[in-house]
Amino acid sequence: MKRPTIHDVAAAAGVSRGTVSRLLNGDKYVSPAARVAIERAISETGYIVNRAARSLVTQRTGSIVMVLSEPHEKLFEDPNYSTTIRVAIRMLGERDLSLVMMLAGDEGDRERVVRYVRGGHADGVLLMSTHAGDPFIDALRSGPPAVSCGAVIGSEGVIPYAAADERLGGRQMTEYFVNQGRRRIAMITGPMDTPGGIQRLEGFADVLGRKATKKLIAHGDWTQASGERAMTELLARTPDLDAVFVASDLMAAGALAALRAAG
């Protein structure tokens, strides 16, 4: 079957092609009667907007690019990312926008992201898991609007963000252990160039003060393998520890594996 065109919609609705075009481009100056007729005609003809042609007029792509600053394997390993992506797809879909997923885990990936964004292929950028000093953050500033899931260290006043209170969460977790009577509390942090890594450790130190010694702190990178390595390191240094605050679920799974292996 021939693909229906805007001319077919106009003919079915009994209006001009220009009126249909104005409605499709969001023009407010279309009468209610014409709007109803056009929407009915679109449904009857099965017309689908040609986004490529429409973007030439509106200068909008209808898509938002989500940039994950982590290696490829982390996208599939960490369930937090899939949850965030699923919610973003749903929310954007309600506004007839599409989500484009891009990874920026190494220099080559970052260069591709910058070329894509600067090339006008997206109306906005959603950043995830950005790291302090990441050079591509500066490169994105001359592109479309960007927001971040979590603070961008060093760019808090430049790039808007939404985040949990990481430091408060760290305090609450550590206070829980103290209230349980635990005396040798260790911590496995996230990467120390991310807000989650830095601020959850700050919350831990807020509660323990001088007891939060380097001997009781090991660092991970949010992966399960790093949680297992860090737990093994802590057990070797402080075998008498009686609690450990792990900064993410995935690292905690690795820590549990190390504890089981150690008996």
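The values are calculated or read from the model by the stated rules, or taken from the named source; none is laboratory data. Here the structure is a predicted model, which is why all the values come from computation and not from measurement. Don't worry about glycine lacking a Cβ; one is built from the backbone with ideal geometry, like all the others, and counts go over all protein chains shown.
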- [ ] Restricting attention to segment 87-116, report how many residues are over 17 Å from Lys74 (Cβ atoms), of a type outside the set (Val, Ile, Thr) and not in a helix (DSSP H, G or I).
- [x] 6
- [ ] Could you tell me whether segment 116-123 includes any residue that is of a type in the set (Val, Ile, Thr) and either over 28 Å from Asn25 (Cα atoms) or assigned by TED's automatic domain parsing to the domain that holds Trp222 (or both)?
- [x] no
TODO: Kindly establish whether Arg60 is at pLDDT below 80 and on the phi < 0 side of the Ramachandran plot.
DONE: yes
Task: Subset of segment 11-37 that is in contact with a Ser or Thr (Cβ under 7 Å, 6 or more places away or on another chain) and touching a residue at least 12 places away in the same chain (Cβ under 8 Å) - its residue that is farthest from Thr61 (Cα to Cα) - done: Ala12
Open item on the list: Looking at segment 219-237, I want the residues that are in the same structural domain as Gly190 (by TED's automatic domain parsing) and have a partner that is buried (at least 21 other Cβ atoms within 10 Å of the Cβ) and hydroxyl-bearing (Ser, Thr, Tyr) with Cβ atoms under 6 Å, at least 6 apart or on another chain. Which pairs are those?
Closed with: His219/Thr189; Gly220/Ser226; Trp222/Ser248
- [ ] Working only within segment 83-125, note down all residues that are modelled with pLDDT of 85 or more, over 15 Å from Ile137 (Cβ atoms) and of a type in the set (Asp, Glu).
- [x] Glu94, Asp123
Task: Some residue of segment 192-210 being more than 15 Å from Ala262 (Cβ to Cβ), among the acidic types (Asp, Glu) and at pLDDT 95 or above - done: yes
